[in-house]
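Heads up, the thing below is written out as structure tokens.
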Amino acid sequence: MSEEVGSKLLNNHNNNVLERGHKLDEHLLSSEGERIQIVSSSLKSGKTLEDKRSRAVFRQIFMVFLANLGCMSNGLGLGVPAVTLEALTNQELPVYLTKDQGSWYASFASIACPIGGILVSCFLDKVGRRNSLYITNVMSIIGWGLMAVAVESDQQTLFIQLLVSRFIVGVMTGIAVVPIGVYAAEICYPSLRGSLTLGSSISIATGISVMYILGYFIRTDWKLIAIIVVCYSSFCLMLTFFLPASPNWLLSKHRVEEARRSLRYFRGINKDDNTIYPEIEEEFNKLEKLCRRGEGVKKPPFLSILKVPEVYKPLLFMFGFFFLQQFSGIFVVITYAVQISLEAGVTIDPVLCAIFVGIARVITTLVMGPMLDKFGRRPLTLFSGVGMTICMFLLACNSWFNWNLSQLPVTCIILYIITSTLGFMTLPFSMNSEIFPQKARGPASGLSVCFGFLMGFTIIKLYPSMVDNLGKDNLFGFYGAVSLVALVYVYFLMPETKGKTLQEIEEYFKYGKHHKQDVEMKDIFIAKDTK
């Protein structure tokens, strides 16, 4: 009797479980069925994600373009010493700067840039990429505004006011470089990342060229130049409000639905389109998993994160990359373009030569994106190092051996700018936005840019004394020797990031360059064993 009762109870229990299971299956099927129906209907109507690709590409390019308009102020700040030093140090004026004060004026923005790099490493992940751009545009307005209203009462007062202005512009420059590159890397397709992360370099190059052109037509009124830049920065501040936040940052702040909408927007989906696209859902899930890695665990301090190879390896590489970039004379040529042209012995108007240099750099930066996608980072950087080395040694030899070739100096300077732009001028900033893992991208990229600008201040400040102590010919030889060392450095240490996802780049530094190949070989052996 007890066995019959037990059997009945067991059967009733199993029936209840089956009934609940059927109800659960019906619920799941209803929700999944709706999803399948939506995707199925979209496929029948010919609406696929591939149809949205052109719209997605346009949105990615347009938003990166808007973000980079503000970065032109960086180029304007880099180029302004070249066109204003002559007027500011003119001893025929009642108030002027001494030669030493002029070198501080030219280099002081560079010493402030590392402070901007430190600041952006602290708040980039907290306030977001877009809000960081608000800050940079406001600082640009304040910094250039101080220069526009500087009081020319006496030499010391003018000098202090200009230094404060240059300091604020320098901090703004140190902040602005990082969030734009990170923003571009996070919203765009991997195939476009090489081109779009170069947007900052194009914007900076354009800003430098615009400043040279302004200096050509407004050679003495440096206050008017500052007023023009203030108006431009105000315009860029208004445009920043149209930028959507990146899905990566929104996920890091647990704003999941906003992140999903952001990703759908950057993949070409309109707001009124409720279709569920499996490709986007898969990408979003991977992105969420990547951003949630380590969630629930107290985030270790940055110094602790530095101990892992995927952080300290790219950071050390970027330190070396930025050091060689600066000491090869790239930013010296930009900051002292007019003075360098005179030292090199150009026979045309030195300001006009500076304009040619600026235009050459803009054109080269524009074509660099497609070249990066076709040839990759390493080949272009190696070509860049070869060109820079040859150009600087030719400039030195023109003086060493008294060649006195009238067209050689201007040709070498322009070719130096073209070849340096193809690699060492732009790629340190471009790679800086893609080479670090998500958990350390903000502080690590800020720290490397901070180091780069610190080296920039050092070499720019030392330029006048190096000319006096080494002589112009030996100085060009020094820049050529550093370019040669940079060429060797890139050949042995620089990784290729072309076509790789951010996760693949992270794994390269974490496991080594043979990791992916080892995994593929392991899969082959497992497949053979299975057979």
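Any idea which residue in segment 89-143 is least open to solvent (accessible area, probe 1.4 Å), counting only those that are of a type in the set (V, I, T) and outside any helix (DSSP H, G or I)? Spell out the reasoning first.
Kept after step one, since they are of a type in the set (V, I, T), are these residues of segment 89-143: 89, 95, 98, 111, 115, 118, 120, 127, 135-136, 138, 141-142.
Filter once more, so that each one left must be outside any helix (DSSP H, G or I): 89, 95, 98.
On the way: T89: 45, V95: 23, T98: 52 Å².
Ranking the candidates gives V95 first.
Does segment 157-178 include one or more residues that are open to solvent by 50 Å² or more (accessible area, probe 1.4 Å) and farther than 20 Å from Y105 by Cβ?
Looking for residues that are open to solvent by 50 Å² or more (accessible area, probe 1.4 Å) and farther than 20 Å from Y105 by Cβ, one finds none in segment 157-178, hence no.
Is it the case, given these coordinates, that T497 is polar (S, T, N, Q) and at pLDDT below 50?
Working: polar (S, T, N, Q): yes; at pLDDT below 50: no.
Answer is no for this residue.
Which of the residues belonging to segment 70-88 are surrounded by fewer than 21 Cβ atoms within 10 Å (Cβ to Cβ) and either under 32 Å from the mean Cα position of the chain (by Cα) or of a type outside the set (A, V, I, L, M) (or both)?
Within segment 70-88, E86 is the sole residue that qualifies.
List the residue pairs whose Cβ atoms are under 7 Å apart, where the first residue sits in segment 257-272 and is touching a residue at least 24 places away in the same chain (Cβ under 8 Å), the second is basic (K, R), and the two are 6 or more positions apart or on different chains.
If the second residue must be basic (K, R), the pairs left are Y265/R59; F266/R59; R267/K52; G268/K52; G268/R53; G268/R55; G268/R59; I269/K52.
Identify all residues within segment 189-221 that are surrounded by 24 or more Cβ atoms within 10 Å (Cβ to Cβ), in a loop (DSSP other than H, G, I, E, B) and not aliphatic (A, V, I, L, M); write none if there are none.
The one that is surrounded by 24 or more Cβ atoms within 10 Å (Cβ to Cβ), in a loop (DSSP other than H, G, I, E, B) and not aliphatic (A, V, I, L, M): T197.
For (1) surrounded by fewer than 12 Cβ atoms within 10 Å (Cβ to Cβ); (2) among the hydrophobic types (A, V, I, L, M, F, W, C); (3) more than 30 Å from V169 (Cα to Cα), each residue gets a yes or a no:
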site: L239; (1), (2), (3): no, yes, no
site: P244; (1), (2), (3): no, no, no
site: D273; (1), (2), (3): no, no, yes
site: I305; (1), (2), (3): no, yes, yes
site: P314; (1), (2), (3): no, no, no
site: Q325; (1), (2), (3): no, no, no
site: F331; (1), (2), (3): no, yes, no
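Being within 18 Å of S328 (Cβ to Cβ) and of a type outside the set (G, A, S) is the filter; apply it to segment 436-457 and report the residue that is most open to solvent (accessible area, probe 1.4 Å).
Keep residues of segment 436-457 that are within 18 Å of S328 (Cβ to Cβ), which gives 448-449, 451-457.
Right, trim to of a type outside the set (G, A, S) and you get 449, 451, 453-455, 457.
Details: V449: 1, F451: 56, F453: 14, L454: 72, M455: 29, F457: 29 Å².
Ranking the qualifying residues of segment 436-457, first place goes to L454.
With L85, L76 as the choices, which residue is at pLDDT below 90 and of a type in the set (A, V, I, L, M)?
Details: L76 fails: at pLDDT below 90.
After ruling out the rest, the residue left standing is L85.
Using beta carbons and a limit of 6 Å, which pairs, at least six apart or on different chains, have the first residue in segment 488-503 and over 25 Å from V386 (Cα atoms) and the second one surrounded by 12 or more Cβ atoms within 10 Å (Cβ to Cβ)?
Within 6 Å, the pairs are T501/P190.
Looking for something within 20 Å of L69 (Cβ to Cβ) and either acidic (D, E) or assigned to a helix (DSSP H, G or I) (or both) - is there at least one such residue anywhere in segment 249-258? If you could, list the steps in order and put the result at the bottom.
Initial filter on segment 249-258 (within 20 Å of L69 (Cβ to Cβ)): none.
Looking for residues that are within 20 Å of L69 (Cβ to Cβ) and either acidic (D, E) or assigned to a helix (DSSP H, G or I) (or both), one finds none in segment 249-258, hence no.
Of the residues that sit in segment 383-435 and are open to solvent by 20 Å² or more (accessible area, probe 1.4 Å) and not in a helix (DSSP H, G or I), which one is modelled with the highest pLDDT?
Going through the qualifying residues, I end up with F401.
Among the numbered criteria (1) open to solvent by less than 60 Å² (accessible area, probe 1.4 Å); (2) touching a Leu at 6+ places or on another chain (Cβ under 7 Å); (3) under 25 Å from Q438 (Cβ atoms), which single criterion is violated by L380?
If we test L380 against (1) open to solvent by less than 60 Å² (accessible area, probe 1.4 Å); (2) touching a Leu at 6+ places or on another chain (Cβ under 7 Å); (3) under 25 Å from Q438 (Cβ atoms), just (3) comes out false.
From the list I355, I363, pick out the single residue that is under 20 Å from the mean Cα position of the chain (by Cα) and farther than 23 Å from F321 by Cα. Spell out how you get there, then give the answer.
Values: I355 fails: under 20 Å from the mean Cα position of the chain (by Cα).
None of the other options fit; the residue is I363.
Can you pull out the residues in segment 462-500 that are surrounded by 20 or more Cβ atoms within 10 Å (Cβ to Cβ) and closer than 19 Å to P81 by Cβ? Walk me through it before giving the result.
The initial filter retains those residues of segment 462-500 that are surrounded by 20 or more Cβ atoms within 10 Å (Cβ to Cβ), namely 463, 475-476, 479-480, 482-483, 486-487, 490, 497.
Y463, L475, Y479, listed by residue number.
The values are calculated or read from the model by the stated rules, or taken from the named source; none is laboratory data. Keep in mind that what you see is a predicted model, and the values were worked out from it rather than measured. Please note: Cβ atoms are built from the backbone with ideal geometry, for glycine as well, and neighbour counts cover all protein chains shown. In case anyone asks, the SASA skips ligands and DNA or RNA and just uses the protein heavy atoms, side chains included. Shrake-Rupley method; radii C 1.70, N 1.55, O 1.52, S 1.80 Å.
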